[in-house]
Ligand code: FES
Ligand code: FES
């Protein structure tokens with residue numbers, strides 16, 4: 001066999017190796033894509049089914065797996081990180097948001113179940129922190145570490161939607177969120193003050209009641 005035959009053979013070998021390498025790279029890429037979280041593809045785009053809802057007053061389409069917990073759609077996709085992750089099991093209430101004016105624990109709500117609903121998070125409660133619940137919370141300096149507070153505030157706002165004049169028993173029954181700092185007495189006081197502020201704002205006044213100005 002002469003020198004040119006050797007060169008031809010070497011060239012054929014090299015092109016075969018290059019074809020196999022290309023196939024191998026394609027295989028690795030497809031395996032990497034399959035192991036990524038289902039809601040993202042390799043281009044960083046979101047994939048899955050479309051869920052449409054009204055989020056803090058804006059129409060939003062989520063292209064996610066329909067079983068994605070609402071909490072993760074809000075935090076990871078919509079970047080609304082005011083809603084907190086606590087237990088992930090429906091116990092603590094740190095993830096509470098309002099769906100059609102009802103408090104829900106968003107870690108337990110599959111995205112598909114809020115199709116067409118109105119979802120409000122702590123970011124959407126009021127543009128200027130002027131919601132009566134927020135005003136009461138600020139006035140009474142309710143938070144300690146603050147971690148549970150977005151959920152507490154959303155639970156309180158939903159309670160006032162349903163019971164504008166809540167009794168202690170109503171608060172006991174509806175405010176089941178957990179607070180590791182033990183701010184429960186201030187939470188109870190703030191819910192009652194928020195109810196008063198809400199009633200006053202419907203009468204056109206925004207003053208804090210005299211009984212609460214000494215706190
Ligand atoms: S994180 Fe949802 S209830 Fe605890
Ligand atoms: S204020 Fe710290 S967990 Fe409630």
So, how do all the Cα-to-Cα distances of segment 125-215 break down into 10 Å bins, in percent, from 0 on up? 17, 55, 26, 1
Footprinting proxy, 213, 121: sorted fewest to most Cβ within 10 Å, the residues are 213, 121
Centroid-to-centroid separation of segment 174-195 and segment 92-148 [C-alpha atoms, Å]: 14
Given an 8 Å cut-off on Cα distances and at least 6 residues of separation, report the relative contact order of segment 125-215 as a percent. 36
Just to verify a number: FRET efficiency for residue 205 and residue 173, C-beta to C-beta distance, R0 = 35 Å, to 0.05? 0.75
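Since every read-out is calculated from the coordinates, none of them should be taken as a lab result. Values in this document were obtained by computation on a predicted structure and should not be read as measured data. Cβ sites come from the backbone with ideal geometry, for glycine too, and all protein chains shown count toward neighbours.
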